[in-house]
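Single-structure report; data block below.
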Amino acid sequence: MYLKEVVCDSCGFLCDPGTPVTACPDCGSPLKLRYDFDRMEREVKKDELSGTGISRYRDLIPLDEPPISLGEGGTPVVLSSSISKDLSGELYLKLEFVNPTGSFKDRGTVITVSKAREWGIEVVADDSSGNAGASLAGYSARAGLDCTIYVPASASGGKIVQVKSYGAELKEVPGPRERATEKIVEDTAGTNTYYASHNLSPYFSEGIKTLAYEISEGFEWNPPEHVVVPVGGGALLVGIHSGFQDLARLGWIDRIPRLHGIQAEACDPVVRAYENSWDRTRPTESGPTIAEGVHISNPDRGKEILEAIRATGGVALSVSESQVKRSIQELARKEGLFVEPTSAVPLAGLKQLSDQGVIESGERVVVPVTGSGLKDIEDWKGF
């Protein structure tokens, strides 16, 4: 393993990789992992990669032991057969909903749970609108860990059933999504429960980096010009950006794609910060949205999200509920893909990016299709 230390850029906190951490214990900021890239560059070669899924990149991820795997990663990429015709560029869809628990979250969870096992932790918990909770519950069952998931009472019934099916304890919290976060922090403080926050854990976002690795390798180390993702807590966009940065530093790719973050109009703190040239997000009032996965009004990684978008020349924009619903229908009827609303958010923003000239003729665009529509099926009766 090439991981050297865990650091906080905000206050300078530093610890070794053997210390169980979620956020900075001194200031509460997200932490980052620091690697020995000089040694990695000498010893790890892209033409010597072997294996499948995230294990193919085992030398680039922060584990001493083999991961507690369910076969995550290695998801297919398909060229859009119909939607591309209405866009300037060439659209590729990376089917993240075929991961073991039905979403991209498995890439981050496998690292988080594997580290918890390395640390000797026996009890984990997270707050989630559904997908991250289901993922943590599934991998905890695989690893033999006790797991508690805090969800907003309004969470999708399908996702709640999935969490329960893995044997995790479920705590439904009345009120907005933010209240579930407040409640888990209150309940786990001073206990032996490890708060395995997918929004804060540096290990979770390290697993997401494998998406950038797969995209790059799939395009023969000549990555696409654009990657478009839904943005809620930001682990997806930040993780992908970090992955591309790793590959550029190793000399495996010669440029980083432009990263675009799409939010729902009902909850768009990143878009507001981007449009107002703020350096970090600010708490915003939010309304209801069918895309519950992006319903986070003050993301912990707001500063990192904005930095990643701006550093790559990307754009942040928001889409309406009607646009999201149309994109769900379009993906199903034109591409044969049944996705959850959050997965349709970036597709809803694609036309705007194309119409604005952000995506130019002939440029390649990758959209991670993040979650299965089967998780929200009860919400679509009569749709």
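Observations, loosely collected:
- Shape summary of segment 3-60, radius of gyration then Dmax from alpha carbon positions: 14.5, 42 Å.
- Under the membrane-span-like helix rule (DSSP H runs whose alpha carbons stretch at least 15 Å along the helix axis, mean Kyte-Doolittle hydropathy -0.5 or higher), the chain yields 131-143, 202-218, 235-250, 341-355.
- Neighbourhood charge, 13 Å Cβ-Cβ cut-off, centred on V113 and excluding it, Lys, Arg +1 and Asp, Glu -1: -3
- 3J(HN,Hα) couplings calculated from phi for segment 17-23 with the Karplus curve 6.51 cos²θ - 1.76 cosθ + 1.60 (θ = phi - 60°) are, in sequence order, x, x, 9, x, 9, 10, 10 Hz; Gly and Pro show x.
- GNM top mover of I262, I111, I253 - the chain, alpha-carbon springs below 10 Å: I253
- 222 nm mean residue ellipticity, helices alone, for the chain (DSSP H n ≥ 4; -39,500 (n - 2.57); rounded to 500): -11000 deg cm²/dmol
- Burial order of peptide ranges 41-52, 201-212, 312-323 (average beta-carbon count within 10 Å, highest first): 201-212, 312-323, 41-52
- Rounded to 5, percent antiparallel among DSSP beta bridges of the chain: 30
- For the chain, built as a Gaussian network whose Cα springs stay under 10 Å, the top-fluctuating residue of V161, V270, V365: V161
- Among residues other than E217 with Cβ under 9 Å from its Cβ, the summed charge is 0 (Lys and Arg +1, Asp and Glu -1).
- Here the convex hull built on the C-alpha positions of segment 105-195 has a volume of 76 cubic angstrom per residue.
- Total charge dipole magnitude, the chain, about the Cα centre, Cβ charges on Lys, Arg, Asp, Glu only, Debye to nearest 20: 480
- Cross-link pairs beyond the 28 Å C-alpha cut-off, checked among K4/K164; K351/K375; K85/K325; K209/K351: K4/K164
- Residue-count net charge about C8 - beta-carbon cut-off 10 Å; Lys, Arg +1, Asp, Glu -1: -1
- Applying a 4.7 Å Cβ-Cβ cutoff to the chain leaves C15, C147, C267 as cysteine residues with no disulfide-compatible partner.
- Computed over segment 94-177: relative contact order in percent, which uses C-alpha pairs under 8 Å that are six or more apart: 26
- Put in order of Cβ neighbour count within 10 Å, fewest first, the listed residues T289, T19 become T19, T289.
- GNM top mover of P67, P257, P288 - the chain, alpha-carbon springs below 10 Å: P288
- Beta bridges per DSSP with both ends in segment 36-185, % antiparallel, nearest 5: 25
- Under 15 Å from the Cα of K183 - aspartates and glutamates, other chains or at least 8 residues apart: D126, D127, E169, E172
- Cut-off under 5 Å, modelled amide H: who pairs with A264 long-range: V319
- Gain on full stretching of the segment that runs from E307 to W278 - 0.36 nm per residue minus C-alpha separation: 9.4 nm
- Given +1 at the Cβ of Lys and Arg, -1 at the Cβ of Asp and Glu and no other charges, the dipole of segment 21-60 around its Cα centre is 120 debye to the nearest 20.
- Estimated inter-spin distance, S165 and D36, nm [label 7 Å along Cα→Cβ]: 4.4
- Here the 3J(HN,Hα) profile of segment 289-296, calculated from phi with Karplus coefficients 6.51, -1.76 and 1.60 at θ = phi - 60°, is 8, 6, 8, 5, x, 10, 8, 10 Hz, Gly and Pro shown as x.
- Length-normalised contact order of segment 3-60 in % [C-alpha pairs under 8 Å, at least 6 apart]: 30
- Mean separation of Cα contacts under 8 Å (6+ apart) over length of the chain, as relative contact order %: 18
Read-outs throughout are calculated quantities, based only on the coordinates presented, and are distinct from any laboratory measurement. The structure displayed is predicted, hence computed values, not measured ones. Here the Cβ is made from the backbone with ideal geometry for all residues, glycine too, and neighbour counts use every protein chain on show.
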